[in-house]
1. Within the range 116-160, track down each residue that is farther than 28 Å from residue 77 by Cα, within 16 Å of the ligand (Cβ to nearest atom) and buried (at least 18 other Cβ atoms within 10 Å of the Cβ).
2. Looking at the structure I just gave you, is residue 317 more than 14 Å from the ligand (Cβ to nearest atom), touching a residue at least 12 places away in the same chain (Cβ under 8 Å) and in a loop (DSSP other than H, G, I, E, B)?
3. Which condition does residue 195 not pass, out of (1) within 13 Å of the ligand (Cβ to nearest atom); (2) under 19 Å from residue 130 (Cα atoms), if it passes all the others?
4. Looking only at the range 121-138, count every residue that is part of a helix (DSSP H, G or I) and touching a residue at least 40 places away in the same chain (Cβ under 8 Å) and tell me the total.
5. Would you check if residue 171 is buried (at least 20 other Cβ atoms within 10 Å of the Cβ) and either in contact (Cβ under 8 Å) with a residue 12 or more places away in the chain or not in a loop (DSSP other than H, G, I, E, B) (or both)?
6. How many residues does the range 98-110 contain that are surrounded by 16 or more Cβ atoms within 10 Å (Cβ to Cβ) and closer than 20 Å to residue 67 by Cα?
7. Report yes if some residue within the range 49-65 is within 13 Å of the ligand (Cβ to nearest atom) and more than 20 Å from residue 97 (Cβ to Cβ); otherwise report no.
8. Test of understanding: among 93, 43, 24, 76, which residue is at pLDDT below 95 and more than 11 Å from the ligand (Cβ to nearest atom)?
Ligand SMILES: NC(=O)c1ccc[n+]([C@@H]2O[C@H](COP(=O)([O-])OP(=O)(O)OC[C@H]3O[C@@H](n4cnc5c(N)ncnc54)[C@H](OP(=O)(O)O)[C@@H]3O)[C@@H](O)[C@H]2O)c1
C-alpha cells in the first residue's frame, strides 16, 4: 500500500480509499464488515462516506456512516482510520438540494459524528456547490467548525475549479483553512457527459490537476475503476460487457486505451486492476483512488496490487492515447 503522510492526520493516509457508499444498504452488514476487515488487513486506512449515502435506497440516508461507525466501534480502531465524509446535500432521486449555510452544515456534521460514533472527522468535504452562497461565507463556516475541533482537513467534491480557487484565495488572505482535498471523477478513461449523466458532477482536467500538484493538495478520484470496464473487457471480452456500462464508457478513444492497456499488461505481466489504480496512485499529483466493489474478490484483486507503480512514461503514454 502507498501512503500520503500528512502531519494534520493521525494516521498515514492510504492511496487506495474504500468507497463505502452502499455499505449498510445494497451491501449488507456482514459483507460490509468483511470488506472493511480485508481493507485494513491489507494496509488500507481511508474510508470515503457521506451524510447522504445511500439516499438512493429506501430510508438509506446515513446508513453508510452508521455501518462504518458500528464497525469502528466494534473493532476499536478509530485511531487507525482516516474518515472522509461529506455534507451539504440532500437528494430526491438524482436531484441534489444543496445547503451550505452554517446552521445546516453544523446540524449535518453533528448527525455524521453521531452515526460514525466519533468526535472528529479527518477530512470533511462539501459534496456539491451552492453557487448563491459566497465563498467567504462558506470558508468562514468551515473555519468555525474546524475551530470546534470537529474536523481536520477540508475540501470539496464536484466544485468548479474557479470556485475552489476563489475560496482558497480568500482563505489564504485571511489565514483560514483552505480546501486542500478535491474530489472529482478521475480515471484513465476519456470522460464524456453521458458517462455520469449528472450535470452536478465534475471531472479531472488539466487546470484542476495542475492546481492540486502545485499546491500539494490531495486529489481524490471517484469512479477510479471506471466501474470495472477495462478489467471486465480484458477478462471477458467487450461483447460480454453489460449494455449499460458499454453505453457509458465505449468511445473510440476508450477503445484505443483498452487496446493499449491490454498490450501493456500482457507484456509486463500486470493486471488491468493494478494499471487502473496505479494511474491514480503513482501520479505526480497526490492521488487517492477511491474504489468500491460488489464482491470481496474484487477488493482482494485491488489490494493485492496496491503497491504497483506505473512508470511516469507509461502515465504519459496512456494520456496520449486519443
Ligand atoms: N463525490 C461524489 O460525487 C462521488 C460520486 C461517485 C462515487 N463517489 C465515491 O467513490 C466510490 C467509488 O465510486 P464508484 O463505485 O463509482 O467507482 P468504481 O470503483 O469505478 O466502480 C465500482 C464498480 O466497479 C467494478 N469493479 C471494482 N473493482 C473491480 C475489479 N477489481 N474487477 C472488476 N470490476 C471491478 C464493480 O462493478 P460490478 O459490481 O458491476 O462488478 C464495482 O461495483 C464510491 O463508493 C463513493 O465513495 C463519490
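The values are calculated or read from the model by the stated rules, or taken from the named source; none is laboratory data. Fair warning: this is a prediction, and the values are worked out from it, not measured in the lab. Note that each Cβ is placed from the backbone with ideal geometry, even for glycine, and that neighbours are counted across all protein chains shown.
1. Correct list: 128, 129, 130, 158, 159.
2. no
3. Failing condition for residue 195: (2).
4. 0
5. Against the criterion (buried (at least 20 other Cβ atoms within 10 Å of the Cβ) and either in contact (Cβ under 8 Å) with a residue 12 or more places away in the chain or not in a loop (DSSP other than H, G, I, E, B) (or both)), residue 171 qualifies.
6. Here the count works out to 2.
7. Checked the range 49-65: no residue is within 13 Å of the ligand (Cβ to nearest atom) and more than 20 Å from residue 97 (Cβ to Cβ).
8. 93
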